[in-house]
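The values are calculated or read from the model by the stated rules, or taken from the named source; none is laboratory data. Not measured: the values here are computed from a predicted model. Reconstructed Cβ throughout: ideal geometry from the backbone, glycine too, with neighbour counts over all protein chains shown.
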Amino acid sequence: MTTNSEIISLKIVICILAACLCVGCSALFAPQQLSENYALARGVECNAPEAVDGNLDTISNNTRIVVSLPEAKSIRKIVIHSPNISNFIIYESIGQEGEWRPIKSVKGNKLTKIVINTQVMTDKIRMFITDTRGIRFAEPGTVRGADGRETNEFSRQVDARPMIQEIELYGLVDTIKPNAPLF
């Protein structure tokens with residue numbers, strides 16, 4: 001049979017263990033804050049510099065954009081500003097030059113600010129745009145008639161060029177300060 005002092009001792013031990021567990025898990029429940037935009041960091045390279053200049057008034061018409069960071073980063077959020085892209089794929093570099101893994105494939109997008117939540121560790125992100133929405137235009141061509149004369153005709157319809165205003169890359173910042181009291 002257990003005595004009152006043993007029951008009280010057991011309750012104290014349980015309370016101490018519960019408190020330790022809560023203190024240890026507090027980091028899991030800490031509020032998360034986004035980092036600065038990695039795409040604006042010093043040393044970033046991009047084949048479409050206007051897509052990572054921090055200015056929504058500049059536009060890239062590239063269908064393939066690669067953003068290279070100076071070092072691998074944990075990327076948790078990708079934000080793309082574009083008034084007309086509808087179908088595209090975002091890839092992460094997987095270490096070997098030229099090897100890519102899809103992060104997200106988007107079809108039928110109608111948003112102008114596209115937010116992709118992810119969790120990747122990489123130093124390069126690639127965007128491949130496969131379709132745009134909005135105005136289409138006809139591509140002129142030259143046709144030679146039976147009489148040998150050339151005439152200009154519209155040979156086919158071509159998609160509107162993509163308009164990428166900005167690509168932003170974010171990670172998470174630790175909100176718990178080291179050596180700070182938890183209580």
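Residue count for the range 15-39, restricted to those that are at pLDDT 70 or above and either of a type in the set (V, I, T) or in contact with a helix residue (DSSP H, G or I) (Cβ under 7 Å, 6 or more places away or on another chain) (or both): 2. Condition (residue is without any contact (Cβ under 8 Å) to a residue 24 or more places away in the chain, more than 13 Å from I167 (Cα to Cα) and either in contact with a Phe, Trp or Tyr (Cβ under 8 Å, 6 or more places away or on another chain) or not hydroxyl-bearing (S, T, Y) (or both)) applied to the range 27-34: is it met by at least one residue? Taking every residue of the range 27-34 in turn, at least one turns out to be without any contact (Cβ under 8 Å) to a residue 24 or more places away in the chain, more than 13 Å from I167 (Cα to Cα) and either in contact with a Phe, Trp or Tyr (Cβ under 8 Å, 6 or more places away or on another chain) or not hydroxyl-bearing (S, T, Y) (or both). For the range 42-60, taking the residues that are touching a helix residue (DSSP H, G or I) at 6+ places or on another chain (Cβ under 7 Å) and within 18 Å of Y170 (Cα to Cα), the one that is surrounded by the most Cβ atoms within 10 Å (Cβ to Cβ) is identified as V52.
Considering the range 88-183, the qualifying strands (runs of 3 or more DSSP E), each wholly inside and each with 1 or more residues that are in the same structural domain as L69 (by TED's automatic domain parsing) and at pLDDT below 95, run over 113-132, 137-144, 150-158. Residue check: I12 meets all listed conditions (1) under 21 Å from N84 (Cα atoms); (2) at pLDDT below 95; (3) not aromatic (F, W, Y) but one, namely (1). Return the residue satisfying two criteria in turn: it lies in the range 72-111 and is within 13 Å of I129 (Cβ to Cβ) and of a type in the set (S, T, N, Q), and of such residues it is surrounded by the fewest Cβ atoms within 10 Å (Cβ to Cβ). For the range 72-111, the residue satisfying everything is S105.
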